[in-house]
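These notes concern the structure reproduced below.
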Amino acid sequence: MRTKTTLEKAVKFVNNCKFIFSFKKNIFRRNLFSLFLFLVTTISFAQSVSCNATLVVENNGNIRSTPLEGTYYAMVLTNNSSFTDTFILSSKNINSSCANTDGSSTTGNVTINTDFIDSERNSLTEITLNPGQSLSFYIHVTVPAGTSIQKWSCDQITATSKNCINYAVDTVLHTYIINPIND
């Protein structure tokens, strides 16, 4: 009898220990997950708040006419955040959502080519800037052969942060393809 009672008590004790440890483990897991979620949200929010940059065309020269040979836009990218950041440069034709500066219809707008280059005329794809640092670069616009003249092109130039999730700055270039005979 004594052995059976001792054995039953031992089994009951082991089951109680399993319950207690599994209960604490569940509490620990829930708290750990909550803590992890809180930290990720806080870090993400802190980064998004601290990310800050500007991308402008020098001398507010967003509107330009160009002959068929093309033109250059002088750009300035400034990192206004408190940490070093790398920006990926991209260009997107936005004729369908852009308004021509002379009020004309966008249905006849054309597509042009844009290349990012530095002051030595080397190709650029990304720019790394220290806090408060600015860098001037150029966008070389070329007009593809056969492009209609006396038409507009609207292009969105974007600098996307590699360090801050979903952070980008952009500006729109309005380029008018002139008639080389009249100008």
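The values are calculated or read from the model by the stated rules, or taken from the named source; none is laboratory data. Everything numeric in this text was worked out from a predicted model, so none of it was measured. Because the Cβ atoms are built from the backbone with ideal geometry, glycine has one as well, and the counts that use them run over all protein chains shown. What goes into the accessible areas is simple: the full protein's heavy atoms, side chains included, and nothing from ligands, DNA or RNA. Shrake-Rupley method; radii C 1.70, N 1.55, O 1.52, S 1.80 Å.
Summary of computed values
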item	result
Test set (1) hydrophobic (A, V, I, L, M, F, W, C); (2) buried (at least 18 other Cβ atoms within 10 Å of the Cβ); (3) at pLDDT 95 or above - residue 164 fails condition number	(3)
Every residue from the range 141-161 that is modelled with pLDDT under 95 and either hydroxyl-bearing (Ser, Thr, Tyr) or surrounded by fewer than 21 Cβ atoms within 10 Å (Cβ to Cβ) (or both)	142, 144, 145, 146, 147, 148, 149, 150, 151
Qualifying residue in the range 148-157 (condition: assigned to a loop (DSSP other than H, G, I, E, B), over 19 Å from residue 98 (Cα atoms) and out of contact with any strand residue (DSSP E or B) (no Cβ under 6 Å at 6 or more places or on another chain))	no
Any hit, the range 96-108, residues being within 26 Å of the chain's Cα centre (by Cα) and more than 29 Å from residue 164 (Cβ to Cβ)	yes
Residue check for residue 108: outside any strand (DSSP E or B), open to solvent by less than 80 Å² (accessible area, probe 1.4 Å) and among the small types (Gly, Ala, Ser)	yes
Counted residues, the range 111-123 - those being surrounded by 12 or more Cβ atoms within 10 Å (Cβ to Cβ) and farther than 27 Å from residue 151 by Cβ	1
